[in-house]
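Student: Take this structure, written in structure tokens, and hold onto it; I'll ask about it next.
The values are calculated or read from the model by the stated rules, or taken from the named source; none is laboratory data. Values in this document were obtained by computation on a predicted structure and should not be read as measured data. Note that each Cβ is placed from the backbone with ideal geometry, even for glycine, and that neighbours are counted across all protein chains shown.
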Amino acid sequence: TAAIFDPLMTRLTANGNPITAVRMGFHQTKTMVVMTYLTLDRIFRGSVGVEQLRGPVGIVHLGSRVVDRGAMYLVFFLAMISVNLAVLNFLPLPIVDGGLFLYLIYEHITGRAPSLKFQNAATMVGLLLLGSLFLFTFYNDVMRLFSGG
């Protein structure tokens with residue numbers, strides 16, 4: 001993934017043209033969104049191991065290393081985090097916006113909202129899934145730090 005995280009790999013310059021800069025920004029964002037979805041797909045298919053996931057501790061650790069490389073790397077890193085969080089927020093899990101969007105689709109199709117009992121149960125399942133993911137990544141991040149990885 002080092003090649004993926006290399007903003008200098010393709011130096012983007014808009015030559016002072018703000019329209020070109022905005023267009024390039026949209027293109028880079030689209031590329032990062034697609035890469036994030038592809039990575040999630042690969043995780044679910046098993047071609048990318050879950051040990052590659054990073055939680056808050058791992059992100060801060062990577063961020064501290066990125067800062068040493070310069071401002072362009074830091075901005076690129078922060079953009080990657082923002083895009084990843086946006087994609088995760090739109091996943092169809094009841095505890096994030098993607099799950100709420102599913103409720104709206106259901107309501108549009110059936111003419112009524114899902115019952116509060118269902119919404120509460122689904123939210124608890126989503127919370128359990130995200131909480132488990134958080135604990136898993138936190139544990140792996142800490143173990144990685146102590147093993148020097």
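Student: For residues that are of a type outside the set (Asp, Glu) and modelled with pLDDT under 90, tally how many sit in the stretch 45-57.
Tutor: Residues meeting the conditions: 5.
Student: Name the single residue that is modelled with the highest pLDDT among those in the stretch 114-149 being loosely packed, with under 13 Cβ neighbours inside 10 Å and not in a helix (DSSP H, G or I).
Tutor: So, considering only residues that are loosely packed, with under 13 Cβ neighbours inside 10 Å and not in a helix (DSSP H, G or I), the one modelled with the highest pLDDT is 115.
Student: Right, next: Give the residues of the stretch 98-138 that are closer than 20 Å to residue 85 by Cα and of a type in the set (Phe, Trp, Tyr), sorted by residue number.
Tutor: Once the filter is applied, which keeps residues that are closer than 20 Å to residue 85 by Cα and of a type in the set (Phe, Trp, Tyr), the stretch 98-138 yields 101, 134, 136, 138.
Student: For the stretch 64-79, how many residues are over 15 Å from the mean Cα position of the chain (by Cα) and either in the same structural domain as residue 137 (by TED's automatic domain parsing) or on the phi < 0 side of the Ramachandran plot (or both)?
Tutor: Count: 11.
Student: Can you name the condition, by its number, that residue 107 falls short on among (1) modelled with pLDDT of 95 or more; (2) surrounded by 14 or more Cβ atoms within 10 Å (Cβ to Cβ); (3) not hydroxyl-bearing (Ser, Thr, Tyr)?
Tutor: (2)
Student: If the requirement is being free of Cβ contacts under 8 Å to residues at least 60 places away in the same chain, farther than 30 Å from residue 28 by Cα and not aliphatic (A, V, I, L, M), which of these qualifies: 146, 90, 101?
Tutor: Unique residue meeting the criteria: 146.
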